[in-house]
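S.K.: One structure, pasted below without further comment.
The values are calculated or read from the model by the stated rules, or taken from the named source; none is laboratory data. If you're wondering where the values come from, they're calculated on a predicted model, not measured in any experiment. No Cβ is skipped: glycine too gets one built from the backbone with ideal geometry, and neighbour counts run over all protein chains shown. Quick note on the areas: whole protein, heavy atoms, side chains included, nothing else; ligands and nucleic acids left out. Shrake-Rupley method; radii C 1.70, N 1.55, O 1.52, S 1.80 Å.
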Amino acid sequence: MRARPSQFAAAVALAVVLAAGCGGETPQPYRIGGITECAGILHALSGAQLAAAELPLLDHGARLRDRDPAKGITRATVAGRPVEIVPGCTETLEFSTLTQEARRLIENEHVDALVAGSLGADEVVLRRLARAHPQVSVVAAATGPRELSGGRAPANFPRVVADESQSAAGLGTFARRDLGWRSAAVVYLDWDAGWGARDAFTAEFCSLGGRVTAAIPSADFSEGAALAQHVPRSVDGV
């Protein structure tokens, strides 16, 4: 599950809103650390993520330095305070790299807010960082487990996108009422993202009188023919 550019933009937009409440006679820049996927299997997303981070600031006076988002933008101004992005680099599922880069931005670059997250598992790292640095707003741009951002989550660790269960909201209702399914099989990714979506669909679908007769785990959905063999012929849909 990737942090889509729109999610990154929403996370940065929240950081911009946070900047609006700050200021003074000689305001210092409000610095937003934006960590993108610069290495590893998702490195191709880096430019899109950085462009999404810059997008909200274009509505606040910033200008592109070049067509390449890596060249950065000029400063924006929110509520009279300059706002700038300080880029950072991480790699998918390399939690030590994410931790090191986030700490560099917080402790050395002194950012006021941090935006990061490509997979839901990243939120484990980001929640710990938020608790250790209560003066910094840590905004997760990925769709993660509900448990990490609810309950006793630090106040400086807001969620701006749907969690893994919320991402499936409405699908059970659509299948039962619009498509008329009475029974269904669920094929899901066998890790936290899939578990949350599976449980959310099942709870919603069954609450409306439907039945989930098979739940079929998959590593990455690539084994389509093998998965199909486990789907009961009697179900109305998958």
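S.K.: Those residues that are within 19 Å of the chain's Cα centre (by Cα), assigned to a loop (DSSP other than H, G, I, E, B) and farther than 17 Å from Ile216 by Cα, I need them from segment 154-191; list them, please.
M.R.: Selection gives Pro154, Ala155, Asn156, Phe157, Pro158, Val160, Val161, Ala162, Asp163, Glu164, Ser165, Ala169.
S.K.: Something else: Identify all residues within segment 82-134 that are open to solvent by 10 Å² or more (accessible area, probe 1.4 Å), in contact with an Asp or Glu (Cβ under 7 Å, 6 or more places away or on another chain), at pLDDT 85 or above and farther than 25 Å from Ala62 by Cα; write none if there are none.
M.R.: Across segment 82-134, the qualifying residue is only Thr97.
S.K.: Would you confirm whether or not segment 187-199 contains a residue that is more than 24 Å from Val124 (Cα to Cα), touching a residue at least 24 places away in the same chain (Cβ under 8 Å) and among the hydrophobic types (A, V, I, L, M, F, W, C)?
M.R.: As a first pass, look at segment 187-199 and keep what is more than 24 Å from Val124 (Cα to Cα): 187.
Restricting the remaining residues to those that are touching a residue at least 24 places away in the same chain (Cβ under 8 Å) gives 187.
Add one more test, that the residue is among the hydrophobic types (A, V, I, L, M, F, W, C), and what stays is 187.
Checking segment 187-199: at least one residue is more than 24 Å from Val124 (Cα to Cα), touching a residue at least 24 places away in the same chain (Cβ under 8 Å) and among the hydrophobic types (A, V, I, L, M, F, W, C).
S.K.: Hey, does segment 192-210 have a residue that's outside any helix (DSSP H, G or I) and open to solvent by 60 Å² or more (accessible area, probe 1.4 Å)? Steps first, answer last, please.
M.R.: Taking segment 192-210 as the starting set, the residues that turn out to be outside any helix (DSSP H, G or I) are 208-210.
Okay, now just the ones that are also open to solvent by 60 Å² or more (accessible area, probe 1.4 Å), so none.
Within segment 192-210, none of the residues are outside any helix (DSSP H, G or I) and open to solvent by 60 Å² or more (accessible area, probe 1.4 Å).
S.K.: If I ask for residues that are within 30 Å of Glu123 (Cβ to Cβ), in contact with a helix residue (DSSP H, G or I) (Cβ under 9 Å, 6 or more places away or on another chain) and surrounded by 14 or more Cβ atoms within 10 Å (Cβ to Cβ), which ones from segment 211-238 would you list?
M.R.: The answer is Val212, Ala215, Ile216, Pro217, Ser218, Val238.
S.K.: Of the residues Thr36, Thr77, which single one is of a type in the set (S, T, N, Q), out of contact with any helix residue (DSSP H, G or I) (no Cβ under 7 Å at 6 or more places or on another chain) and in a strand (DSSP E or B)?
M.R.: Only one candidate qualifies: Thr77.
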